[in-house]
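Just below is one structure, and these are the notes that go with it.
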Amino acid sequence: MTLLARTASPTVRLLPHLISALVVLIWSSASPWDALAQNGREQRWATQPTDHFDIYYQPQQRSHIDAVAREAERVYARISYALRHELAAKMPLILVGEDRDLPRNEGQARALVTASRASERDHLFLSAETFEKRPGSVLAHELTHQFVFELLPQADRDAPWVSEALANHHGGLWDSSELVKVRDAMVHGSVPAVEDLTASDRHWGHAVFDFVAAEYGAQGIRQYLAALRGGLATRSDAIRLAFGVSPRDFNAAFQSYLRTRFADR
Ligand SMILES: [Zn+2]
């Protein structure tokens, strides 16, 4: 009896607090969605924060959100460790349903950012459709671009091929049409020198970073980015500084790697 009497009293006293806490809980779980009318249709968005991302999504994508959050953090950890860099701020990641929902131009991207109420900075866009097919590689690719923006802000001017090349390297997948280009050039002996690569040499850039990782490890990639960031007079100087070899020897080793890795067997 004593025990019952003791427990009954605080329970009753707690009840009003419990009810108000429940009301708050029900209220907040019933409406995590920010509603916004757009094009005559109401779009509802919610946010899932993780350590390094704020993921914006609509109710239809709720079933993907845990897997996307897990994979995004896994990819972030891998790239951040390889490049020894933490992004300056949390990354807004906007999740849509299908590839056709992804923005195709600046205007569409802006409309999606406004609708989702994501913060005003660079964004990652991801479709659940692509995520299901290639969970890690597309996130790794897009996230690498963000790391390059911070590590090599002058990449467009100093080494325009680097951002796409490093993104493809971390994405880890080789497009079959690009493999054909590499093999074709090897057959015809027309592999360009690394210091002459341009923005359109996507496949060569990808191969260069695969080579650097295989030959010098992640540290080699970091040293090369640091050498490029140093604003050296020529890209040949960046090769000498990063790898301690002449561009001629570097290119010879790269070609030898290509023959081993990409020879048509
Ligand atoms: Zn890219």
Q: Let me know the Rg and Dmax you get for segment 59-100 when you use only its Cα atoms, in Å.
A: 12.6, 36
Q: Take the alpha-carbon centre of segment 43-109, take the same for segment 153-213, and report the distance between them in whole Å.
A: 26 Å
Q. Which percent of Cα-Cα pairs in segment 35-151 sits in each 5 Å bin, short to long?
A. 2, 11, 23, 26, 20, 11, 5, 1, 0, 0
Q. Exposure proxy check: Asp99, Asp122 ranked by fewest other beta carbons within 10 Å?
A. Asp99, Asp122
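Any read-out appearing in this document is the output of simple, stated calculations on the displayed coordinates, not a laboratory observation. Treat the numbers as computed from the prediction; the structure is a model and nothing was measured. Quick reminder, even Gly has a Cβ in these numbers, built from the backbone with ideal geometry, and neighbours come from all protein chains shown.
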